[in-house]
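For reference, the structure is listed below as structure tokens.
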Amino acid sequence: MTSLQDVNPRVKGIRVSSQSGLQSLAENITRDISLGAQQSFKEVIDISSGDPQGAGMKPISFVRQVLAVCLCPELLKEERLPLDVRLRALRLLEACDGESVGSYTASSGLPHIRQTIAEFIMKRDEAVPAYAKNIFISSGAQRALMVIVKLLSGGEGQLQTGVLIPQPCPHTLLPLLDEAGVMAVPYRLIEENDWAVDLSELDRALTTSRGRCEPRAIYISNPGNPTGHLQNWESIKKVIKFAAAERLLLLVDEVYQDSVYAPNREFISYKKVLFEMDKHLRDTVELVSFHSLSCACVAECGLRAGYMEVVNMDSGVMHFVDTMLCTDINAPVTGQLVLELMLSPPNPSDPSYNTFAHETLLTGATLAQNSQRALKLLNDLPGMSCRPAMGGIYLYPHLDLPSEIREQAEVGKGAMLGLEADVLYCQMLLEEEGLIIGAGQDDGTSGCYHLRLCILIPPDTLEEVLSRLSSFHLRLIDRERNRSVEEDKDENQHAVTSGRNRPKLHLTGQKSKFKF
Amino acid sequence: MDGDKLMVDVKQRAQRLLRACAEGSVGSYSDTAGIPEIIQKVSEYIVRRDGGVPCHPENIYITSGSQWALTNILKVLVNSEASPRTGVLTPVPCHSTTLSSLTMLGAVMVPYYLREKQGWTLEVEELQQAFDSAKGVYNPVALYVINPGNPAGYVQSRESIQEVIRFAVEKKLFILADEVYQDCVYGKNTEFVSYKKVLAEMGPPLSDTVELASFHTASKGLMGECGLRGGYVELVNLDPTVMEHINSLFSTNSSASVLGQIVLEVMTNPPKPGDPSYPLYLKETQHIRTSVADNVKRVEEVMNSLPAFSCQPLGGGAFAFPRLFLPPKAIEKAKEAGMQPDTFYCLRLLEEAGVLFSPGTEYGQKEGTYHIRFCITTPSDVMEEILRRLSSFHEQFLKEFS
């Protein structure tokens with residue numbers, strides 16, 4: 001009988017994200033509402049992770065039309081569909097075995113698609129060569145990352161593989177490293193500098209990791225997830241030099257490359273920068289770049305496709321990349337086809353171009369405007385401040401947690417549930433306002449907390465989100481102020497609220513950004 | 001949706017499924033285990049299939065292909081750092097993807113031989129022998145069975161399944177039942193019965209305690225939607241705390257492709273008599289069934305009439321796995337070329353007849369025996385062409401190496 005003792009210790013060690021607790025709670029709340037329970041909100045809104053279509057953003061018409069024809073080839077004859085849609089579908093079907101999306105493909109992806117991806121990369125990086133054989137398509141970029149991490153992982157104790165990761169990092173990264181048995185070595189991004197990368201932090205992280213593990217790679221996301229920071233040429237160059245000097249594999253998560261909106265800023269790929277550095281580096285630095293259908297403008301998270309491009313990787317190792325992908329058989333064909341559409345969109349002379357351009361521009365504009373609107377509101381809230389984001393689909397505000405919540409986390413409800421203070425904040429927000437946002441990755445020791453909000457959502461949903469968040473937050477702030485006033489008034493009495501004994505408070509001299 | 005090209009029930013089903021997706025889009029992420037409405041349909045299918053044996057939706061996880069689910073369950077069972085190493089009993093022959101997953105996870109295969117002469121049956125003596133061979137060397141934790149088989153086309157009898165279950169209980173092995181070919185049964189008087197159903201029939205205490213994982217997929221059977229990636233695992237009698245860890249493991253990756261989940265829904269909940277789509281569905285599926293049945297007949301006829309080939313009766317699955325009696329000269333030639341003899345045969349077949357089969361070496365076979373595997377779920381005219389080319393090549397080959 002398999003009991004807990006028999007479960008693979010590696011699996012037991014996978015940390016459970018606070019996300020899942022909140023999502024279970026949300027399911028219960030939603031169910032209660034459908035059974036007639038009274039709440040101040042009609043439905044739960046979840047913007048804790050990047051699921052634009054799940055939040056109501058519309059898919060790109062060209063993508064869905066081509067996909068429809070591919071799934072139902074009778075539509076090739078449907079004259080109401082634009083000609084370029086049907087021609088593209090025909091071309092894609094011809095690339096599939098038996099001209100069907102229902103056939104298996106090679107484990108690394110359909111050759112035609114890999115070629116399209118290579119051509120996209122060459123165009124993006126202005127003629128830096130890219131080859132289909134260096135491109136591997138997987139069921140989502142996470143799967144590709146897992147393959148590489150697993151190839152690196154090994155060793156125990158001091159010899160356990162370590163990977164330098166940014167703090168903060170994407171919330172899915174830590175469980176992934178746990179599953180692979182790899183140690184995470186965090187390097188802090190500098191919040192005051194809009195979450196820039198700091199070389200001295202990289203050095204510090206690497207130095208302290210030696211003796212505890214064998215650091216073999218450095219992971220970085222650009223544009224940053226969840227920070228929204230966009231690296232410039234110099235910054236990328238520094239990271240490449242660091243990785244080269246310390247012999248670390250560069251794992252570059254570039255999934256938000258087409259979501260850059262800061263004025264006068266542009267995405268530059270690590271590969272492009274590498275290829276303009278000196279020949280020795282260009283020919284030797286090993287780099288893996290990840291991209292995904294889920295994170296791009298098309299945001300087809302449910303279709304599950306992503307890819308990685310490997311640069312300067314030994315062909316013997318690449319063989320094993322393919323072998324590992326074999327165990328998934330192949331990425332969903334429908335996802336692979338949409339990768340093609342995403343990276344080789346309609347041309348200006350194509351019938352579908354106008355609609356396509358309009359829809360993508362609208363998405364881009366929505367993202368930029370949402371970012372601006374949310375940034376302003378978050379910065380106006382007392383106890384919250386947010387650095388501007390330059391790209392990506394999140395905002396990552398800093399939160400000065402009201403003492404009420406910090407206490408509850410230590411001695412009250414939160415302590416009973418084993419919740420960190422920021423998770424408790426998110427849970428209360430969910431219960432009172434039906435809004436799920438993500439708790440940051442702070443470990444609580446610095447007393448510093450953050451929240452994560454996905455802002456690629458329909459504008460009116462954003463308004464609703466901001467309204468619910470402000471309501472909740474301002475209520476908390478009010479209670480905080482009333483509390484301090486009361487403490488000032490009766491210092492020698494214990495205040496009893498809702499049956500709980502509150503410990504005596506002293507107003508600390510801590511700094512808070514209260515704006516009046 | 002507004003046109004009249006699509007049948008009403010197609011549109012209604014699509015609308016219902018879209019409503020089950022976040023914001024009505026297949027482009028949204030879904031819950032870890034899959035879209036709840038679809039899991040519900042899968043569980044109803046399982047109950048119907050097993051004649052009423054209850055199925056709890058919380059025990060089902062939908063993944064991008066059943067192999068993914070299998071790999072995850074293996075991850076829970078296999079501790080790559082354990083000493084002695086974790087072993088999983090696997091059949092010989094066995095399809096290679098599962099074997100790759102085992103190797104990747106650091107587990108050891110503990111092979112048990114299927115009895116070819118008896119129609120590739122699974123005998124307890126073979127299981128016992130395999131188990132004994134591992135004693136002190138590896139720690140066997142699970143028993144992997146494929147029923148109907150791949151590459152060999154057998155379908156286990158009820159008695160055989162009972163024996164396997166009793167063996168697993170005795171040796172404290174977790175049963176991994178790969179049942180992806182459950183819809184591909186065509187042998188005369190052959191029926192698929194699931195491990196879960198047999199277990200339920202055996203009654204308590206076994207029915208309440210034996211741990212079992214059953215895998216199924218939309219890639220096989222009548223749907224054959226391999227590219228869309230929709231599969232699931234049903235877990236039976238697992239400890240609730242173990243289930244929690246399984247849940248956190250499945251959560252580390254986003255759910256299965258939504259389109260794959262949708263195909264699973266259609267597979268487990270197809271059009272019924274009275275639905276507008278039913279006549280076309282019936283026509284198409286009957287055509288597939290008849291084609292495959294015809295193919296099976298032809299393959300058995302031809303393979304058993306060709307010299308140096310013998311083929312066990314095909315009961316189910318998607319492949320034929322005939323035994324090839326290679327002439328000594330051919331075996332020599334292969335060894336000179338540094339190849340396994342059946343690989344050599346397949347290579348020559350490809351080069352000279354343009355037909356690609358896979359050699360038995362890929363799947364494991366008794367020492368000194370050779371086999372080839374080929375898919376029999378092709379259109380009938382393609383099957384005829386394959387058999388024609390094979391026969392003509394085979395004749396030449398035997399002459400060359402006589």
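Kindly work out what percent of the DSSP beta bridges joining two residues of the protein assembly as shown are antiparallel, to the nearest 5. Antiparallel bridges: around 50 percent, rounded to the nearest 5. Computed from Cα atoms, the angle from the helix A:233-245 axis to the main principal axis of chain A rounds to 80 degrees. Cross-link partners of A:Lys489 among lysines, defined as those whose alpha carbon lies under 20 angstrom from its own and excluding same-chain residues fewer than eight positions apart: A:Lys504. Subtracting the Cα-Cα distance of B:Asn269 and B:Arg85 from 0.36 nm times their residue separation leaves 62.0 nm of extension gain.
Which value, in Å to one decimal place, does the Kirkwood hydrodynamic radius take for the range B:339-394 when every pair of different Cα atoms is included?
With all distinct Cα pairs of the range B:339-394 included, I get 11.8 Å.
What's log10 of I(q)/I(0) for the range B:250-362 at q = 0.12, 0.16, 0.19, 0.21 Å⁻¹, Debye sum over Cα points only, no solvent? Summing over Cα pairs of the range B:250-362 leads to -0.72, -0.90, -1.03, -1.14.
Between the Cα long axis of helix A:18-34 and the first principal axis of chain A there is an angle of about 80°, rounded to the nearest 10. Shown is the FRET efficiency for B:Leu18 and A:Thr284, computed with R0 = 45 Å from the Cβ-Cβ distance and rounded to the nearest 0.05: 0.35.
Normalising the average separation of contacting C-alpha pairs (under 8 angstrom, six or more residues apart) by the number of residues puts the relative contact order of the range A:242-399 at 23 percent.
A Cβ-based charge dipole, computed about the Cα centre of the range B:136-227 with Lys and Arg at +1 and Asp and Glu at -1, lands at about 120 debye. Amide H contacts of B:Thr86: B:Asn79, B:Val108, B:Asn139, each under 5 Å away and 5 or more positions distant or on a separate chain (H built 1.01 Å from N in the peptide plane; Pro and chain starts excluded).
Considering Cα pairs under 8 angstrom that are at least six residues apart, work out the relative contact order of chain B and quote it in whole percent.
18 percent
Structural descriptor for the range B:52-192: relative contact order 22 percent, calculated from alpha carbon pairs under 8 angstrom and at least 6 residues apart. Among beta bridges identified by DSSP and lying wholly in chain A, the antiparallel ones come to about 50 percent. The calculated P(r) of the protein assembly as shown, using every Cα pair and 20 Å bins from 0, goes 13, 43, 34, 9, 1, 0 in percent. Three principal axis extents describe the C-alpha atoms of chain A; from largest down they are 80, 60, 59 Å. Here the ratio of the Cα radius of gyration of the range A:98-151 to 2.2 N^0.38 Å is 1.28. Give me the angle, in degrees from 0 to 90, between the Cα long axis of helix A:459-489 and the longest principal axis of the Cα atoms of chain A, rounded to the nearest 10. Roughly 20 degrees between the two axes. One quarter of the convex hull surface built on the alpha carbon atoms of the range A:318-398 amounts to 9.2 nm², the projected area averaged over directions. Between the listed residues B:Ser248, B:Gln340, B:Ser358, the Cα displaced farthest toward the positive end of the dipole of the protein assembly as shown, a dipole computed from Cβ unit charges relative to the Cα centre, is found at B:Gln340. Across the options B:Ala107, B:Val198, B:Val164, the greatest Cα extent toward the positive end of the charge dipole of the protein assembly as shown (unit charges at beta carbon of Lys, Arg, Asp, Glu) belongs to B:Ala107. With the simple spin-label model, which puts each label point 7 Å out from Cα in the Cβ direction, the A:His358 to B:Ser277 separation comes to 3.2 nm.
With a ≥ b ≥ c the root eigenvalues of the C-alpha gyration tensor of the range B:54-211, is it rounded (a/c under 1.5), prolate (a/b larger than b/c) or oblate? It comes out rounded by the Cα gyration axes. Computed over chain B, the convex hull of the alpha-carbon atoms projects to a mean area of 21.7 nm².
Within chain A, which is the longest segment containing none of the trypsin sites (Lys or Arg not before Pro) that sit in a DSSP loop and have at most 16 other Cβ atoms within 10 Å?
Here the longest segment lacking exposed loop sites spans A:266-503.
Listed here are the pairs A:Lys241/A:Lys272; B:Lys171/B:Lys366; B:Lys188/B:Lys220; B:Lys11/B:Lys283; A:Lys133/A:Lys271; which of them are more than 23 Å apart at the Cα? Violating the 23 Å Cα-Cα cut-off are B:Lys171/B:Lys366. Among B:Leu206, B:Leu356, sorting on how many other beta-carbon atoms sit within 10 Å of each Cβ, with the fewest leading, yields B:Leu356, B:Leu206. When +1 charges are put on Lys and Arg Cβ atoms and -1 charges on Asp and Glu Cβ atoms, the dipole computed for the range A:210-365 relative to its Cα centre reaches about 640 debye.
The range B:286-357 to the range B:1-35: how many Å between their Cα centroids? Cα centres, the range B:286-357 to the range B:1-35: 43 Å. Once the Cβ-Cβ distance of B:Glu284 and B:Glu58 is raised to the sixth power relative to R0 = 30 Å, the FRET efficiency obtained is 0.30.
As a ratio to 2.2 N^0.38 Å, the alpha-carbon radius of gyration for the range A:37-189 is 1.43. As a rough footprinting exposure proxy, the listed residues A:Ser61, A:Ser17 were ranked by other beta carbons within 10 Å of their own, and the order from fewest upward is A:Ser61, A:Ser17. On the basis of the beta-carbon distance and an R0 of 56 Å, B:Val382 and A:Asn264 show a calculated FRET efficiency of 0.40.
Average 1/r across all pairs of distinct alpha carbons in the range A:350-446, invert it, and you get the Kirkwood radius: 15.8 Å. As a proxy for reagent exposure, ranking B:Phe167, B:Phe325 by other Cβ atoms within 10 Å from fewest up yields B:Phe325, B:Phe167.
Give, as a single signed number, the net charge of other residues whose beta carbon lies under 14 Å from the beta carbon of B:Ile288, with Lys and Arg counted +1 and Asp and Glu -1.
Neighbour charge sum, excluding B:Ile288 itself: -1.
FYI, it's all coordinate maths here, none of it is from the lab. As the structure is a computational prediction, the values presented were derived from the model and not from experiment. Neighbour counts are summed over all protein chains in view; Cβ atoms, including those assigned to glycine, are modelled from backbone coordinates with ideal geometry.
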